[in-house]
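Notes follow the structure.
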Amino acid sequence: MAGSRALTRRVKRMEEAGKPRPSLIAVWYGSFDAWVEQEVLPGVENGTLEPDDMVDIVAALRGWEALYAR
């Protein structure tokens, strides 16, 4: 009986490890798009962030998030 419980715990850990984990941006803001809406766009509009650079940065971060969310 103890062996079957240990096996069940082990399988559960393996299943949890295989699930995608949300990025920190998704954890902090709810989603990547929410971060862009709340932080990036206002920064670009008020001149704090450079529009040309932010397009590249957001694209790179979105690609990173898609790659590691699997």
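The values are calculated or read from the model by the stated rules, or taken from the named source; none is laboratory data. Note that this is a predicted model, so its numbers are computed, not measured. Note that each Cβ is placed from the backbone with ideal geometry, even for glycine, and that neighbours are counted across all protein chains shown. These accessible areas exclude ligands, DNA and RNA; they are computed on the full protein's heavy atoms, side chains included. Shrake-Rupley method; radii C 1.70, N 1.55, O 1.52, S 1.80 Å.
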### Scope the stretch 24-57; condition among the charged types (D, E, K, R) and surrounded by fewer than 11 Cβ atoms within 10 Å (Cβ to Cβ); matching residues
GLU45, ASP52, ASP53, ASP56
### Every residue from the stretch 44-62 that is farther than 20 Å from SER31 by Cβ and either in contact with a Pro (Cβ under 8 Å, 6 or more places away or on another chain) or in a loop (DSSP other than H, G, I, E, B) (or both)
ASN46, GLY47, THR48, GLU50
### Within the stretch 1-46, tally of residues that are at pLDDT 90 or above and aliphatic (A, V, I, L, M)
5
#### Entry: Failed item in (1) open to solvent by 60 Å² or more (accessible area, probe 1.4 Å); (2) touching a helix residue (DSSP H, G or I) at 6+ places or on another chain (Cβ under 7 Å); (3) in a loop (DSSP other than H, G, I, E, B), with ARG21 passing the rest
(2)
### Criterion violated by ALA60 - all others in (1) under 16 Å from the mean Cα position of the chain (by Cα); (2) open to solvent by 90 Å² or more (accessible area, probe 1.4 Å) satisfied
(2)
### Summary
Restricted to the stretch 1-48 and to residues being under 13 Å from the mean Cα position of the chain (by Cα) and of a type in the set (S, T, N, Q), the residue nearest to LEU67 (Cα to Cα) is SER23
## Note on the structure
Checked the stretch 25-43 for anything free of Cβ contacts under 8 Å to residues at least 12 places away in the same chain and either touching an Asp or Glu at 6+ places or on another chain (Cβ under 6 Å) or assigned to a helix (DSSP H, G or I) (or both); matches are VAL27, TRP28, TYR29, ASP33, ALA34, TRP35, GLU37, GLN38, GLU39, LEU41, PRO42, GLY43
